[in-house]
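Undergrad: The structure follows.
Rule-based calculations on the coordinates, nothing more; no lab input. Note that the structure is a prediction, hence the values are computed from the model and not measured. Cβ atoms come from the backbone with ideal geometry, glycine included; neighbour counts cover every protein chain shown.
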Amino acid sequence: MELIRRDDIAVFENPGVRSQQLLYPGNSRSARVTITRVSLQPGAVNKRHAHATSEQVWVALAGSARLLLANDATMPFAGGDIVRFEEGDVHGLENTGSSPFEYLAVTSPPLDFRAAYATASKPGR
């Protein structure tokens, strides 16, 4: 069993984007999954990217946004929606709403997203 305390949850940030690493290689021995809670401020963008060896599921918790997909395609994405990206699928997100957009990302196999963010810290420390 693993119990991950709030002080063990790293926070990675880019301008307008806050990513809480709820369960990731830095605080868990899981070889199967990474779980991240992401918040984008209005107008913030998570640029298009792909994960060559991991699939990812996003569960939209609140707000409204636009998925940024391959070939400049876009699609609405809002609280209550769920999307799954296969390995290699291009994906990104733009908050098109007037309030923060929040979602959970479940990635398998696990990835350490630290390199994709400008800053990293741990709450309570």
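Undergrad: Is it the case, given these coordinates, that THR36 is among the β-branched types (Val, Ile, Thr), touching a residue at least 12 places away in the same chain (Cβ under 8 Å) and assigned to a loop (DSSP other than H, G, I, E, B)? Can you show your working first?
TA: Values: among the β-branched types (Val, Ile, Thr): yes; touching a residue at least 12 places away in the same chain (Cβ under 8 Å): yes; assigned to a loop (DSSP other than H, G, I, E, B): no.
Criteria not met by THR36.
Undergrad: Another question about this same structure. Look at the range 39-64 and say how many of its residues are without any contact (Cβ under 8 Å) to a residue 60 or more places away in the chain and either part of a strand (DSSP E or B) or acidic (Asp, Glu) (or both).
TA: Of the residues in that region, 13 qualify.
Undergrad: Give me the residue from the range 49-58 that is surrounded by 15 or more Cβ atoms within 10 Å (Cβ to Cβ) and of a type outside the set (S, T, N, Q) and, out of that set, nearest to ASN95 (Cα to Cα).
TA: Of the residues in the range 49-58, the ones surrounded by 15 or more Cβ atoms within 10 Å (Cβ to Cβ) are 50-51, 54-58.
From what is left, the residues that are of a type outside the set (S, T, N, Q) are 50-51, 55, 57-58.
Details: ALA50: 19, HIS51: 21, GLU55: 22, VAL57: 18, TRP58: 14 Å.
By that ranking, first place goes to TRP58.
Undergrad: Taking the range 24-45 only, how many residues are more than 20 Å from GLY79 (Cα to Cα) and buried (at least 19 other Cβ atoms within 10 Å of the Cβ)? Working first, answer last.
TA: Going through the range 24-45, the residues more than 20 Å from GLY79 (Cα to Cα) turn out to be 24-34.
Cutting the leftovers down to buried (at least 19 other Cβ atoms within 10 Å of the Cβ) gives us 24, 34.
Count: 2.
Undergrad: If you check every pair at least six apart or on different chains, which have Cβ atoms under 8 Å apart with a residue in the range 1-25 that is under 20 Å from ALA60 (Cβ atoms) first and a residue that is assigned to a loop (DSSP other than H, G, I, E, B) and β-branched (Val, Ile, Thr) second?
TA: GLN20/ILE9; GLN21/ILE9; LEU22/ILE4; LEU22/ILE9; LEU23/ILE4; LEU23/VAL33
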